[in-house]
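What follows is one structure encoded as C-alpha cells, with my remarks underneath.
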Amino acid sequence: MSAAPLDAVTPLAFQVLGAPARLLEPRALWLLVAVAALAGVAAWRLRGRRELLRRTAGPQAARLAPRAGLGRPAGRVSLWLTGLLLLAVALSRPQCGTRTELSKRYGLDLVVLLDVSRSMQARDVAPDRLTRATLEIGSLLEQLAGDRVGVVVFAGEAFVQCPLTTDYQAARLFLRSAGPGSVPRQGSDLGLALRAARQVLEQGENSQGRGKVVLVVSDGEDLEGDAGEAAKALGEAGVRIHALAVGTAAGEPIPLLDARGQVTGYKKDRAGQAVVTRLDLSTLRDITARGGGEVFELTSPEHGLAAFRASLDGLQKSELQSRLTVQFEDRYAVAALPAFLLLLAGLLLGEAGTRRRPSAGEGPA
C-alpha cells in the first residue's frame, strides 16, 4: 500500500441538493479569515471618513460636498470583498457531481538485484560503489510510473528486501538501508540472487502476462560460478536480464570500516597482501546475453541508467489493472469567474460620481 504524502489533505465532503460534493483543498478556506479582517478594516475606515466629514463640515456637509457620500466607497469595498471571498472558494477547488470512468494501468515487473558484498564498499567510484549505486537506483525509481518494483540484496546469500510493489518510496527506503550487514554471510553468489529474483517474479500477484525484467547491480564478482545456469533459466522463462556495472577495471582495495564508517585498514589475503576488487564485465556480459539484455555502466553518461530507462520504455508493457473509478467534476470556475468580474467592477467603480454641470440659465444656488 502506498504511503500517503506527509502534506496530504483530506478533502472536505458534503452534499449539495442531494449530489455528492467536496472541497479538494479545504485549507484555502482559511483565506476567509483574511477577507473578514479586510472587511473590518474597511468598515473602520469608512466610519472614520464619515466622522471626518462631519467634524470638518458639520451640518453643511451635504451642501459643501454633495458627492462625498459613503455609497460609492462602500459599494466598491463590497465588490472587492465579495470577489475575494469567491476567489478563496475557487482556490479550495470545489467539486460537485461525479462521472464513472474505466481506468487502465500499464507497466512491467522489475526486480533489482543489489550486490551488498564487501567489495561494493570499494571507493573506485565516489563516494563508494554501494552508496553510488543506491543513489542512482533511487533516482531511477522516481522516474517510474505504473511499474512494480522488487528489491533483492545478495552477497553469500540472497534476501528479498522488498516484494513487488508500486510504493516507490518504500522501495527507496529499503535500498538506503541495504549494506553488508543486510546479509549474514559474505561472499558473492550471483546465481542464488538470480534464483531469488525468479521467485519474486513468480510469487507476484497477477504476474501472468506481464513483462518481467531483472536488473543486476554489481561489480560482477561471482565466487560460486553458477550464475550462467540461473540466468539461462530466467531467459527461458521470458525474463529480460540487464546489468548495471559498478566499479572500474583498475580496481581498488576493499576497505575495512569502523562503526562510524571510517576506514581503519584494508582486507588482506593469506599472504598479507591487500585484496583488490575489480569490475568483472565478462560475468555480467555472460548473464545478460543469456537473458536477452545488455550491460549498462553506472558512471557512463551515454550508456548508464538513462539508457536503461529508455530500454524499459521500449518494452511492451502489459495491462496491470482495469477498474471503474469515480471522478468528481471540477466546479472552481463557478466561483472564479464571478470573483474576477466583481474585482473588475470594483476597479471601474469610481470613488465619487461626476458632478453634473449646470445647464444654461442655471446659476449657483
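The values are calculated or read from the model by the stated rules, or taken from the named source; none is laboratory data. Computed from a prediction, not measured in an experiment: that's the story for all the values here. Every residue, glycine among them, receives a Cβ derived from its backbone with ideal geometry; neighbour counts consider all protein chains shown.
Return yes when T131 is out of contact with any Leu (no Cβ under 7 Å at 6 or more places or on another chain), more than 26 Å from A250 (Cα to Cα) and surrounded by fewer than 20 Cβ atoms within 10 Å (Cβ to Cβ) and no when it is not.
The answer is no for T131.
Is segment 190-203 home to any residue that is touching a residue at least 40 places away in the same chain (Cβ under 8 Å), over 22 Å from R290 (Cβ atoms) and part of a strand (DSSP E or B)?
So far as segment 190-203 goes, no, none of its residues is touching a residue at least 40 places away in the same chain (Cβ under 8 Å), over 22 Å from R290 (Cβ atoms) and part of a strand (DSSP E or B).
So, in segment 308-348, of the ones that are more than 30 Å from H242 (Cβ to Cβ) and either touching a Gly at 6+ places or on another chain (Cβ under 6 Å) or among the hydroxyl-bearing types (S, T, Y) (or both), which residue ends up modelled with the lowest pLDDT?
T325
Restricting segment 157-194 to residues that are out of contact with any Ser or Thr (no Cβ under 7 Å at 6 or more places or on another chain) and small (G, A, S), which is surrounded by the most Cβ atoms within 10 Å (Cβ to Cβ)?
A193
Identify, from the list A39, A43, the residue that is closer than 21 Å to V89 by Cα, at pLDDT 85 or above, among the small types (G, A, S) and surrounded by 11 or more Cβ atoms within 10 Å (Cβ to Cβ).
Checking each option against the conditions leaves just A39.
For every residue, the table says whether it meets (1) modelled with pLDDT of 65 or more; (2) in contact with a His (Cβ under 7 Å, 6 or more places away or on another chain); (3) exposed (fewer than 15 other Cβ atoms within 10 Å of the Cβ).
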position	(1), (2), (3)
R63	no, no, yes
A68	no, no, no
R93	yes, no, no
C96	yes, no, no
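For segment 269-290, give me the residue count where each residue is in a strand (DSSP E or B) and of a type in the set (A, V, I, L, M).
Total satisfying the criteria: 2.
Please specify each residue of segment 212-252 satisfying the condition of being part of a loop (DSSP other than H, G, I, E, B), among the acidic types (D, E) and buried (at least 17 other Cβ atoms within 10 Å of the Cβ).
D219, E221, D222
Test of understanding: among L108, L113, L79, which residue is within 28 Å of L38 (Cα to Cα), of a type outside the set (S, T, N, Q) and modelled with pLDDT of 70 or more?
On inspection, the qualifying residue turns out to be L79.
Please determine whether any residue of segment 253-268 is closer than 28 Å to V214 by Cβ, in a strand (DSSP E or B) and in contact (Cβ under 8 Å) with a residue 24 or more places away in the chain.
Within segment 253-268, not a single residue is closer than 28 Å to V214 by Cβ, in a strand (DSSP E or B) and in contact (Cβ under 8 Å) with a residue 24 or more places away in the chain.
Restricting the search to segment 176-189, which residues are part of a helix (DSSP H, G or I) and over 19 Å from V149 (Cβ atoms)?
P180, G181
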